[in-house]
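Below is one structure, written out as structure tokens; comments come after it.
The values are calculated or read from the model by the stated rules, or taken from the named source; none is laboratory data. Note that the coordinates shown come from a computational prediction; the quantities given were computed from them, not determined experimentally. We place every Cβ from the backbone using ideal geometry, glycine too, and count neighbours over all the protein chains shown. To get the accessible areas, we keep the full protein, side chains included, count just its heavy atoms, and leave off ligands, DNA and RNA. Shrake-Rupley method; radii C 1.70, N 1.55, O 1.52, S 1.80 Å.
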Amino acid sequence: METRGAEDMFDFRRFPKDTLILLLLLVYFPVGVCLMLIRIFIGVHVFLVSCALPESFVRRFIVRIMCSVLGMHVRQKNPRSRDKNTKLYICNHVTDFDHNIINLLTPCNTPQLEGSTGFVCWARGFMEIHSASVQGVLEDSLQRYCASEGIPPLLLFPEEDTTNGRAGLLRFSSWPFSLTDSIQPVALRVTRPLIALSTPESSWLLELLWTFFAPCTVYHVSWLPTISRQEDESMQEFANKVQELLASELGLVSTKITKADKAEHVKRKRHTLPQASTNVRPASIGLGFMVQSLGTDDRRIAKMAQQVKDVLPHVPLNVITKDLAKTNCVDTTITNLLENKEETQMEATGTSTLGPSRNSSYSSGSAPTIKPAAKAFGRSPTDRHLSLQERKEALYNFARRRYIEKHGLDQEDTH
């Protein structure tokens, strides 16, 4: 088996990346919506006809023609190779409607292994199995079914989940091959223009609407000769052999990726994409661009950082922003920067974009000389309040003096 990345085997985007195809899809979109509405109306009649007519060649022929109107075209290769005596068809899985398509060509039953039961299960064309969640009970029920005479064969999908049908096959589960010693492989290839066949987290109902929206979906069914398990061959070896046979027929590769691996990949994809879109922030981006492009909280922080920068022009902007993220207060940040000049200088040396000359000027002559910190912790709330007021007063006086010096104002003009 070859190794193929999970990213290649599933479509996580409904629409293509190609610009030309996107333009064609935009032009087609109104037509697709009208087609979808018309096909929904026709689809109801297809369902009623399939329910009213008994199982026969006539019923399959009529429903197949009506499905072509719905945009679901079926083509088969080597129909004479279909074994009428087989009890089990094994097929690769591409869409949520593969079993319906195979059932248009030959009578067969597909058990519902998971999902809705009751009416929804019956309406989708599945055969309901009680206690299907218990693997041992399920296998026993299906073995008795295959041993019965005069009933349609089973159709199973050993991949147990869908792929895009373009890169590779999921690893076949071995339990379907324990039901009978002889199976007939069925190779299924599905093509659709403009949009993807399916996405991992889409429901079957949404996939049906996209099928009605698309111009057409073509199902190519190829019947392969019946194959039997050898006496010295294990179930998993038999499953691997059938997987290789189908992969060769479809021009794909056999992989060891399982349904559980797909679920884990989808979960990881779901969590990594939002983080990648929100966490990517250029470190050297300018303040003006930050104010325009970042979120509401980031714009507020950037505005506060500019206010602190007006008071302390020699402090690097990244140091101011880092402290504001902790304090969320202009006054507290200014106080912290004034009280921790040495620490701020050491932090700015490696990260500041102002250069060594600006850092040295900040740490020497132009550094502020006040230190509005309390000399001792007040014993009473009144003393602590007075100490806080003194620090605020000193801070405001310092900020006012810096503003006057920056704009060249006289002391009298500020009163």
Inspect region 64-71 for any residue being in a helix (DSSP H, G or I), among the small types (Gly, Ala, Ser) and under 29 Å from the mean Cα position of the chain (by Cα) and give the result as yes or no.
no
Residues that are under 21 Å from Arg400 (Cα atoms), at pLDDT 80 or above and part of a loop (DSSP other than H, G, I, E, B), drawn from region 313-349
Val315, Pro316, Cys329
I need the full set of residues from region 119-170 which are in a loop (DSSP other than H, G, I, E, B), among the aliphatic types (A, V, I, L, M) and closer than 22 Å to Lys259 by Cβ, in order please.
Ile129, Ala132, Val134, Ala167, Leu170
Quick test for you: out of Val49, Val33, pick the one residue that is of a type outside the set (Lys, Arg), farther than 30 Å from Leu224 by Cα and without any contact (Cβ under 8 Å) to a residue 40 or more places away in the chain.
Val49
In region 25-67, the residues that are open to solvent by 80 Å² or more (accessible area, probe 1.4 Å) and of a type in the set (D, E, K, R)
Glu55
Residues of region 77-105 that turn out to be part of a loop (DSSP other than H, G, I, E, B), farther than 21 Å from Ser173 by Cβ and open to solvent by less than 10 Å² (accessible area, probe 1.4 Å), as a count:
0
I'm told Arg358 meets every condition in (1) part of a helix (DSSP H, G or I); (2) touching a helix residue (DSSP H, G or I) at 6+ places or on another chain (Cβ under 6 Å); (3) at pLDDT below 80 except one. Can you identify the failing condition by its number?
(2)
Could you list all residues from region 211-258 that are of a type outside the set (S, T, N, Q) and open to solvent by 50 Å² or more (accessible area, probe 1.4 Å)?
Pro225, Arg229, Glu231, Asp232, Met235, Glu237, Lys241, Glu244, Leu245, Glu249, Gly251, Lys256
What residue, of Pro185, Pro158, Pro153, is within 22 Å of Ala6 (Cα to Cα) and either open to solvent by less than 40 Å² (accessible area, probe 1.4 Å) or of a type in the set (S, T, N, Q) (or both)?
Pro158
Unmet requirement for Asp232, which otherwise passes all of (1) at pLDDT 85 or above; (2) part of a helix (DSSP H, G or I)
(2)
Before we move on, is Glu149 without any contact (Cβ under 8 Å) to a residue 40 or more places away in the chain, within 28 Å of the chain's Cα centre (by Cα) and over 20 Å from Leu224 (Cβ atoms)?
no
